Amino acid sequence: MKLATLRDSTRDGKLVVVSKDLTRCSEVGHIARTLQAALDDWEHAGPRLARVAEGLETGSQPSMRFHEHDAASPLPRAYQWADGSAYVNHVELVRKARNAEMPESFWTDPLMYQGGSDSFLDPRGDIVMADDQAFGIDMEGEVAVIVDDVPMGASAEEARDAIRLVMLVNDVSLRGLIPAELGKGFGFFQSKPSSAFSPVAVTPDELGDAWKDGKVHLPLCVDYNGKPFGRANAGVDMTFDFGQLVAHAAKTRPLCAGTIVGSGTVSNKLDGGPGKPVSEGGAGYSCIAEIRTIETINDGKPKTPFMKFGDTVRIEMKDKSGHSIFGAIEQTVRKYEKN
């Protein structure tokens, strides 16, 4: 089943069920006005939405044209957004570029931060920033899950069973602000502005055998200014699966339905070492920071600049037949003009 939120006059939009080929959708206000309302009552709403999805495929369900440009992020705002760093290769590279040793605990205890969830960007919404030089604007291509209620202290298996939906995310990062902010010892805030999620969120069964052991075993396609930038497989080199990430988040608190948990930047190694650009036959990168760290390791300094006004990023994942699963996040960096 595929679900999306269409923009309307309300903050939270209206929920629709989307066809497998992303061309048609059905309004489901009689079941749940919003995705959050559906998640709050998933035991009853989930099966009813699934029946609408079946009718949409057979043609027995009234439908209208689905346009990705009309979609907000599946949850335009959420009760909680927690982003992990499941691809420890990415963390290891970043620390190596700073000549900093990585604690052994990073391989057994996930990193996670709590991001701002009161306003997510539209999948085709601009990344609006006041400065494209000092801020160090970067994209981060990731996978994310939305969970049902998760009790405090849930096991990884229990957490895995609570996953209701899967989607993609561009976790926008301001690399120029991160060092000073982390130097204060109190975590991210200004350096982590609003993120954008894919137009469509899907139930894990929609992924077929690509969903296994709490991971999505498909390449994440990241295009930067119209050229292939990343093709890293989200199921490879993922040290912590989503069950482990969700359980980590629930260690000392319950998670309410609608909580979003991210994977962190998708990153693949190559022959046990740093990856190579797509243009050189590698899987590429899901963020600019990673290629800059590799340039620093190899050449002593980075040469790839961070995003500037006018730059574009497209993040998408396709099934084995080459069809888009979640629709595409496609964003342009624009200058913020204060009214």
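General remarks:
- Only a single item in (1) under 24 Å from the mean Cα position of the chain (by Cα); (2) more than 20 Å from VAL222 (Cβ to Cβ); (3) small (Gly, Ala, Ser) is not met by SER63, and it is number (1).
- Residue that is least open to solvent (accessible area, probe 1.4 Å) [pool: residues in the range 4-46 that are part of a loop (DSSP other than H, G, I, E, B), closer than 23 Å to ALA196 by Cβ and out of contact with any strand residue (DSSP E or B) (no Cβ under 8 Å at 6 or more places or on another chain)]: THR10
- Every listed requirement among (1) surrounded by fewer than 19 Cβ atoms within 10 Å (Cβ to Cβ); (2) part of a loop (DSSP other than H, G, I, E, B); (3) in contact (Cβ under 8 Å) with a residue 24 or more places away in the chain is met by LYS192 save one, (1).
- Checking each residue in the range 106-129 for being more than 18 Å from LYS251 (Cα to Cα) and not in a loop (DSSP other than H, G, I, E, B) picks out LEU121, ILE127, VAL128, MET129.
- From the options GLU140, GLU158, residue that is under 30 Å from VAL333 (Cβ atoms) and of a type in the set (D, E, K, R): GLU140
- Summed over the range 100-130, the residues that are within 30 Å of HIS69 (Cβ to Cβ), of a type in the set (S, T, N, Q) and over 19 Å from the mean Cα position of the chain (by Cα) give a count of 0.
- Qualifying residues in the range 53-100 (those that are among the hydroxyl-bearing types (Ser, Thr, Tyr) and open to solvent by less than 30 Å² (accessible area, probe 1.4 Å)) - the one nearest to ASP299 (Cα to Cα): TYR87
- If the condition is being outside any loop (DSSP other than H, G, I, E, B) and out of contact with any Asp or Glu (no Cβ under 8 Å at 6 or more places or on another chain), then the range 70-87 contributes ASP70, TRP81, ALA82, GLY84.
- The condition (being over 22 Å from LEU6 (Cα atoms) and modelled with pLDDT of 95 or more) is satisfied by just one residue among ALA100, ALA159: ALA159.
- Pair list, Cβ under 7 Å, 6 or more apart: the range 250-272 residue on the phi > 0 side of the Ramachandran plot, other residue charged (D, E, K, R) and buried (at least 24 other Cβ atoms within 10 Å of the Cβ): GLY264/ASP83; GLY264/GLU142
- Among strands (runs of 3 or more DSSP E) entirely within the range 224-323, having at least 3 residues that are more than 30 Å from THR34 (Cβ to Cβ) and open to solvent by 20 Å² or more (accessible area, probe 1.4 Å) singles out 227-230.
The values are calculated or read from the model by the stated rules, or taken from the named source; none is laboratory data. Please read all numbers here as calculations on a predicted model, not as lab measurements. All Cβ positions, even for glycine, are placed from backbone atoms using ideal geometry, and neighbour counts span all protein chains on display. Keep in mind that these areas ignore ligands, DNA and RNA; they rest on the heavy atoms of the full protein, side chains included. Shrake-Rupley method; radii C 1.70, N 1.55, O 1.52, S 1.80 Å.
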